[in-house]
Ligand code: MRU
């Protein structure tokens, strides 16, 4: 079934023009605008401003950004190019701190650079371009595999709650938490999806509700504080969310508000699943305590969505962008290599072995 969502690519390289083409996620659903970026500073800004967002899409954009940034170098040989590469990498790494996919993609680009030792500048640049494209292409397959594993846990007609946007536009294709919805849709599963609006930046309302509606999925938008009532009324049989970093013990950072949804799901005895490519699993973080939570500007809370201010002038704010869901609240972590169950510090490392 072809629709806008099945064909849209939120992050891609325009090969001929050496331009990163990004779907601007800050203006959806009102406008569908594609940005054409040539400079690494523009890529940094697009990541920071959430024009491209969602852990896998951030990683893909950063990989392309490394290629575009390194391509501007005037280096004459491998060693000089590596010095410039390291500066580009360090710069892009400072765009957002929580999604480990950013650092994973940058490190993978560095590994590829090192494999090209002794090659000419143009050969190394060609390798960087190839690697960034491989990261994008692999993500599409990974998301499909996550979707298939997740779908094996679901029954036709189920009510599914999701938080934030872990959909096709947050990845190369399909999404993570929304992948089983799309795969189920193709099989006629007729899920009923409830999308939390996801304050303060409304990724649920603006992005998840938009992309599911475009794909013809039965989606109902709710405010964040309505999750309890829809669960109590028996409308939800499973919660599916994406994530930005999973620690070795299964503690999971995802969009602010996710941990509250997990606590509610436990209360109502509803399974709570986290969907994660292995590039989001960070075994170097032993627990959620080790995960750096991004703090964002006050204006996102006080003055983002109305012409007038939404709060008293100069009121103090606290705007953590993610929270950590304790592993004890998570039923399973669905990766491309299978579903990890507790104890996660045993099952997650095993996922990398498959
Ligand atoms: O701040 P955002 O919009 O980048 O946050 C995104 C999320 O929290 C997603 O759930 C997560 O990155 C997974 S996307 C497949």
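A few comments on the model shown:
- Annotation for segment 47-61: at least one member residue is touching a residue at least 60 places away in the same chain (Cβ under 8 Å), in the same structural domain as residue 124 (by TED's automatic domain parsing) and in contact with a strand residue (DSSP E or B) (Cβ under 7 Å, 6 or more places away or on another chain).
- Screening residue 51 on (1) crowded, with 24+ Cβ neighbours inside 10 Å; (2) part of a loop (DSSP other than H, G, I, E, B) shows it passes everything except condition (1).
- Here is the figure for segment 160-171: residues that are more than 10 Å from the chain's Cα centre (by Cα) and more than 9 Å from the ligand (Cβ to nearest atom) total 2.
- Filter result for residue 74 (surrounded by fewer than 15 Cβ atoms within 10 Å (Cβ to Cβ) and under 20 Å from residue 321 (Cα atoms)): no
- Residue in segment 171-183 that is touching a residue at least 12 places away in the same chain (Cβ under 8 Å), surrounded by fewer than 21 Cβ atoms within 10 Å (Cβ to Cβ), touching a helix residue (DSSP H, G or I) at 6+ places or on another chain (Cβ under 8 Å) and not assigned by TED's automatic domain parsing to the domain that holds residue 28 present: yes
- Residues of segment 97-109 include at least one that is part of a helix (DSSP H, G or I), outside the structural domain of residue 200 (by TED's automatic domain parsing) and without any contact (Cβ under 8 Å) to a residue 24 or more places away in the chain.
- The number of residues in segment 137-159 that are surrounded by fewer than 24 Cβ atoms within 10 Å (Cβ to Cβ), in contact with a helix residue (DSSP H, G or I) (Cβ under 7 Å, 6 or more places away or on another chain) and in contact (Cβ under 8 Å) with a residue 60 or more places away in the chain comes to 1.
- The condition of being at pLDDT 95 or above and touching a helix residue (DSSP H, G or I) at 6+ places or on another chain (Cβ under 6 Å) does not hold for residue 97.
- Any hit, segment 7-29, residues being part of a helix (DSSP H, G or I) and at pLDDT 95 or above: no
- Number of the condition not met by residue 83 [criteria: (1) more than 16 Å from the ligand (Cβ to nearest atom); (2) outside any helix (DSSP H, G or I); (3) over 23 Å from residue 182 (Cα atoms)]: (2)
- Residue check for residue 295: within 16 Å of the ligand (Cβ to nearest atom), surrounded by fewer than 20 Cβ atoms within 10 Å (Cβ to Cβ) and assigned by TED's automatic domain parsing to the domain that holds residue 232: yes
- Selection from segment 271-283 of residues that are more than 10 Å from the ligand (Cβ to nearest atom) and either in contact (Cβ under 8 Å) with a residue 60 or more places away in the chain or surrounded by 24 or more Cβ atoms within 10 Å (Cβ to Cβ) (or both): 271, 273, 278, 279, 281, 282, 283
- Flag if residue 116 is away from the ligand (no atom under 16 Å from the Cβ), touching a strand residue (DSSP E or B) at 6+ places or on another chain (Cβ under 8 Å) and not assigned by TED's automatic domain parsing to the domain that holds residue 211: no
- For segment 217-249, residues that are assigned to a loop (DSSP other than H, G, I, E, B) and either under 14 Å from residue 194 (Cα atoms) or within 16 Å of the ligand (Cβ to nearest atom) (or both) total 10.
The values are calculated or read from the model by the stated rules, or taken from the named source; none is laboratory data. The shown structure was predicted, so the numbers you read here are calculated from the model rather than taken from an experiment. All Cβ positions, glycine included, derive from the backbone under ideal geometry; neighbour counts span all protein chains shown.
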